[in-house]
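Taking it in order: structure first as structure tokens, then the write-up.
Where a number appears in this text, it was derived from the coordinates with a stated rule and is not lab data. These numbers come from a predicted model, not from an experiment. Glycine gets a Cβ as well: all are built from the backbone with ideal geometry, and neighbour counts include every protein chain shown.
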Amino acid sequence: MRLSIRNQLDATILSVSRGDAMAAVKAQLASGQEVTAAITRESADELELIAGLPVTMLVKATDVALATGAVGDVSIRNQLPGRITSLTGGAAMTTLKVAVDGGGALTAVVTNDAVNDLDLSEGDEVLALVKATEVSVAIN
């Protein structure tokens, strides 16, 4: 299967917390960063997700937000520091490549207005933010 999702992060499950309807899957990337996915319990059960299982965490580029500094108290679980390695502008949106601290990369697609308002450019340090509900889990 081939996917259009640009952000495919190899990870190892650290824990799976199952509730009545949802499950929180916490996984560690090779860089040491942690990523949490909130998925249905049914999906977690069907995939037989357990600690130690290698997985791929999937995030659409449009689900990655960027901040230029600390965000303080926020409910967003996934906060990955990194540095912008490239920007490709379009008519309304800009695609940004972010090298994640410790290894790995993310692609973010944000509005041109956001790029201008944040004064983003290549080499800038950023914090990539992804809600746990926007992360999917895949197994091989």
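Semi-axes, largest first, in whole Å: what does sqrt of 5 times each Cα gyration tensor eigenvalue give for region 1-112?
Rounded to whole Å, the semi-axes are 27, 15, 14.
Let's test the formula: R0 of 25 Å, r as the Cβ-Cβ distance of Arg83 and Ala30. What FRET efficiency results, to the nearest 0.05?
That pair, Arg83 with Ala30, gives E of 0.90.
Which GluC sites (Glu not before Pro) from region 1-94 combine a DSSP loop assignment with at most 11 other Cβ atoms within 10 Å?
Here the sparse-neighbourhood loop sites are Glu48.
So how do 97-110, 20-33 stack up, highest first, on mean other-Cβ count within 10 Å?
Sorting 97-110, 20-33 by mean packing, highest first, produces 97-110, 20-33.
With +1 on each Lys and Arg Cβ and -1 on each Asp and Glu Cβ, and nothing else charged, work out how big the dipole of the chain is about its Cα centre, in Debye to the nearest 20.
Dipole magnitude for the chain comes out near 280 debye.
Suppose only helical runs count, i.e. DSSP H with n ≥ 4. What mean residue ellipticity at 222 nm does that imply for the chain under -39500 (n - 2.57) per run, divided by all residues and rounded to the nearest 500 deg cm²/dmol?
-2000 deg cm²/dmol
For a quick check: with amide H placed at 1.01 Å from N, whose amide H comes under 5 Å from Leu14's, ignoring anything fewer than 5 positions away on the same chain?
Lys26, Ala27, Gln28, Gly52
Take the Cβ-Cβ distance between Ala91 and Ala67 as r, set R0 to 25 Å, and report the resulting FRET efficiency rounded to the nearest 0.05.
Working from the Cβ atoms, E equals 0.55.
Once phi is turned into θ = phi - 60°, what whole-Hz ³J(HN,Hα) does the Karplus curve with 6.51, -1.76 and 1.60 give for every residue of region 129-139, x standing for Gly and Pro?
Per residue, the Karplus-derived 3J(HN,Hα) values read 10, 9, 5, 4, 6, 9, 9, 10, 10, 10, 10 Hz.
Top mean-square fluctuation among Leu66, Leu129, Leu53, Gaussian network model of the chain, C-alpha springs under 10 Å?
Of the options given, Leu53 has the highest mean-square fluctuation.
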